[in-house]
Amino acid sequence: MRFPAPKLETGMQVLVKFCAFDALYMSGMDTIRGLGLWKPTGIVNDARTALAFSLSASNSRIAPPEKPIHLVNADSAASGVQCPGAYFRWDVGSIFKTYPFIIHDASSHHRPRYTLLSTDFVTSIIRVQSIQCSGFASLAGGCCDACRTVDSAVEVVEKWAQQSFGKKSIDRLNHAQLEAKLNALSRQLKAEQVKKHNYWTSLKVARKRETALTERFDLLSANNVPGLPRLLSTAKKEGWSARKTTQKSQLAIEGKYHARNYTEFDRDLAILIYELGGGAALYALNKAPTMLPSRFTIAEERRAQNLRITVGDVKMSDIMENIQILFRDAPASELGPVLHTISQDEISGDGRL
């Protein structure tokens, strides 16, 4: 009997069948997801087992699956079921950022009393096993006695994850704590860099100022600066820098700068020199390093003391001249003419003057 030759399907027919199969597969997967029979990662990825996760009334441990994920072989089935470990919900936050995975490193000094078996990053569920786990549970669907006592150890790790990084050891910090510590250290480093820059700037300014002061000291100690007290007084009053004070001192040595902020003592001394030694003596001291005021500078002060001395009988002309010298700059009184008291005395003069 001959069998009819098989019909060859066209490319379009194959494509239609593939799309139909894909739609059927996706519909079935949606149904499986809706029933909670499949999870993308972690501890519940076996389509054969339906896991019902519910929170325990006393702590965050999750009830184990109805059927064990891993069954022992037939020879050891009579003795018990392989211990699947304990399930806990991680309520601190994202497991990626808040769980301190580094505590399970062999070199960590803060290793907990359990081993992390698996994590579900979608449902935030972790599966742990005590380091003293016997390997088998006495009842199906449960865990061994050692895994039932890891609640306190998980709570300690949760407290670690919720605390600030502070001065804690780096081998017990999670990603979020390490990130916060890095940001804090970055801000501290930036502040230290700014402080270091300010110190370098201050040191540079101090060195420049020290150089200027050294130059001024060398100049003043090696030269006789004319009118040095008045020059320094002007520098203080006008707030000159050390470099500008040095420049003005150099100009004063060259005779190109004269400090003219004369004091009352300087003017009185110049008047005395002029009255005793005449204009020549005052001119010489004006060109000397003392730089006393010139004759034109003390003209106003001399006028107040240039009284006419009467020799012999008192003359009204002498009195009027002295009144005019003393009161020529006095403001006019608003009260009109006033009386003045004139006193006269006899003095003895030295003929040598």
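Of note:
- Those residues of segment 238-256 which are in contact (Cβ under 8 Å) with a residue 12 or more places away in the chain and either hydrophobic (A, V, I, L, M, F, W, C) or under 21 Å from Glu210 (Cα atoms) (or both), in sequence order: Ser241, Ala242, Arg243, Thr245, Thr246, Lys248, Ser249, Gln250, Ala252, Ile253
- Test: residue in segment 218-225 that is in contact (Cβ under 8 Å) with a residue 24 or more places away in the chain and closer than 20 Å to Glu300 by Cβ: no
- Qualifying residue in segment 267-280 (condition: under 18 Å from Asn223 (Cβ atoms) and either among the hydrophobic types (A, V, I, L, M, F, W, C) or in a helix (DSSP H, G or I) (or both)): no
- The residues of segment 230-239 that are within 19 Å of Glu254 (Cβ to Cβ) and not basic (Lys, Arg), listed by number, are Leu231, Leu232, Thr234, Ala235.
- Exactly one residue out of Arg267, Arg243, Arg209 is basic (Lys, Arg) and more than 41 Å from the chain's Cα centre (by Cα), and it is Arg267.
- Breaking point among (1) modelled with pLDDT of 85 or more; (2) touching a Lys or Arg at 6+ places or on another chain (Cβ under 8 Å), for Leu213: (2)
- Scanning segment 257-292 for residues that are among the aliphatic types (A, V, I, L, M) and surrounded by fewer than 17 Cβ atoms within 10 Å (Cβ to Cβ) yields Leu272, Leu276, Ala280, Ala281, Ala284, Ala288.
- Helices (runs of 4 or more DSSP H) wholly inside segment 120-230 that include at least 1 residues being exposed (fewer than 14 other Cβ atoms within 10 Å of the Cβ) and in contact with a helix residue (DSSP H, G or I) (Cβ under 7 Å, 6 or more places away or on another chain): 175-222
- Flag for Glu155 being without any contact (Cβ under 8 Å) to a residue 40 or more places away in the chain and among the charged types (D, E, K, R): no
The values are calculated or read from the model by the stated rules, or taken from the named source; none is laboratory data. Note that the coordinates shown come from a computational prediction; the quantities given were computed from them, not determined experimentally. Quick reminder, even Gly has a Cβ in these numbers, built from the backbone with ideal geometry, and neighbours come from all protein chains shown.
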